[in-house]
There are 2 protein chains.
Amino acid sequence: MTAPGYAGARLPGRPRSAAADAAIIEAALRLIEEGATIGELSIERIAREAGVGKATVYRRWSGKEALMIDVMRSLEEPNPRPAGASVRDDLVTLLELMRRRGLAKRNSALLRTVVTQMHANQELWRAYDAHVIAARREMLYEVLRRGMARGEIRGDLDLELLADLFTGPMLSRVILHEWKALPEGLAETIVDTVLEGVRPRP
Amino acid sequence: MTAPGYAGARLPGRPRSAAADAAIIEAALRLIEEGATIGELSIERIAREAGVGKATVYRRWSGKEALMIDVMRSLEEPNPRPAGASVRDDLVTLLELMRRRGLAKRNSALLRTVVTQMHANQELWRAYDAHVIAARREMLYEVLRRGMARGEIRGDLDLELLADLFTGPMLSRVILHEWKALPEGLAETIVDTVLEGVRPRP
DNA sequence: GCGTTCCGAGACGGCCCCGTCTCGTATTGG
DNA sequence: CCAATACGAGACGGGGCCGTCTCGGAACGC
């Protein structure tokens, strides 16, 4: 967490209210959930919705962008190390995580909205990409490399392409197709089908 | 084209300037190209950039949303009927079209911005989806159905899933990965790899 | 030439937002 | 109790945009 500005030492005076932190982020999430565009959000509106003074927001964040980054972070679940038995199962685990993220009660409309609108703002997107996406992508690469080493995946394919082949179809659904189906066995189906195509030729 | 409001008969008075039409749409494109968020665009700003009175815009479009739909449409190239010899070649043709759209001088940063930000506005997105995407998707479905009928694709797979398997990886790159590579043979590589996975088992 | 509609420019009142600042009050350490 | 900082509320000047309306002038059909 970013835990706005507790500068090590012990500051005198009334400490900042953790409840206010939560109320602000919660309010932003609620508004987005209700269909607000990021562009339609304003510090003023968020503060109103949170039942908080504007100054209380500005005391913690420098502006909308900084706040949004923390809003995004509040949605993150810890990344489970896949480290399963087979490469196939690891891939299913990773894709299944994507699927569940796309389904989770708030994340559904919400993560989609935030993510899609985010890389409107190049800056916001780059920050989110660096902080959140990069780690997950590296995890996927590692699994794929292991698959190549074990001979479960052809060695002549670009790693990046390979990653897109697996994640692209799932992303396509999570992000683009509104509330369309993310059915139960989707991760398995995608992995098994794509894996069939990238298996070493006999 | 939407060709704003020429009501069949012959109206008296000075006719609307086609140049103004073009200048307005061009200005919107230019602003987006320069990195503006759709949320940051305003009729006022677009009119200023176009060297046009606000009334001239409002005379043609009811508001930002209506204008944006026409802006999107201005980017569309006609859809080529694939109707190639093999299903494989048709798929390559369709994906290659996506790739080229992602590369085209303006479309590059632009189509990405518009598309991604668009389904912030549910309404905008639905309109775009109905007018533009639907036709392309139906074309893809047709090719896939033909592939099944000819025995080039397994018949037990969901058509929608199949479509995502092919288009997802390409979309992933076009939309999500900033200016990242859309190399020459990408369409072929994706099609050939995925096709390998969905071929009927021997 | 006349009526009509368009044009660019911009004034207009109303709205929302920005980021700062000032209230009166609450909560901490010393 | 005191100094320091926090809190909710909201005033403040400044800015941009909305959608309408009014200019004086331009371009049509008749």
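In table form, for the structure just shown:
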{"item": "Solvent-accessible area per residue, Å², over region A:18-63 with all protein chains present [probe radius 1.4 Å]", "result": "47"}
{"item": "Average partner coverage of B:166-177, which counts Cβ from other chains inside 10 Å", "result": "6"}
{"item": "Check: region A:18-63 dipole with +1 on Lys, Arg Cβ and -1 on Asp, Glu Cβ, in debye", "result": "240"}
{"item": "Residue-wise HN-Hα coupling along region A:158-166, computed from phi with Karplus coefficients 6.51, -1.76, 1.60 (Hz; x: Gly, Pro)", "result": "5, 4, 5, 4, 4, 4, 5, 4, 7"}
{"item": "Label distances, nm, B:ALA85 versus same residue in remaining copies, Cβ-directed 7 Å point", "result": "4.7"}
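The values are calculated or read from the model by the stated rules, or taken from the named source; none is laboratory data. Quick caveat: nothing in here was measured; it's all calculated off a predicted structure. A quick note on method: Cβ atoms are made from the backbone with ideal geometry, for glycine too, and the neighbour counts reach across all protein chains shown. All accessible areas refer to the heavy atoms of the entire protein, side chains included, with ligands and DNA or RNA removed. Shrake-Rupley method; radii C 1.70, N 1.55, O 1.52, S 1.80 Å.
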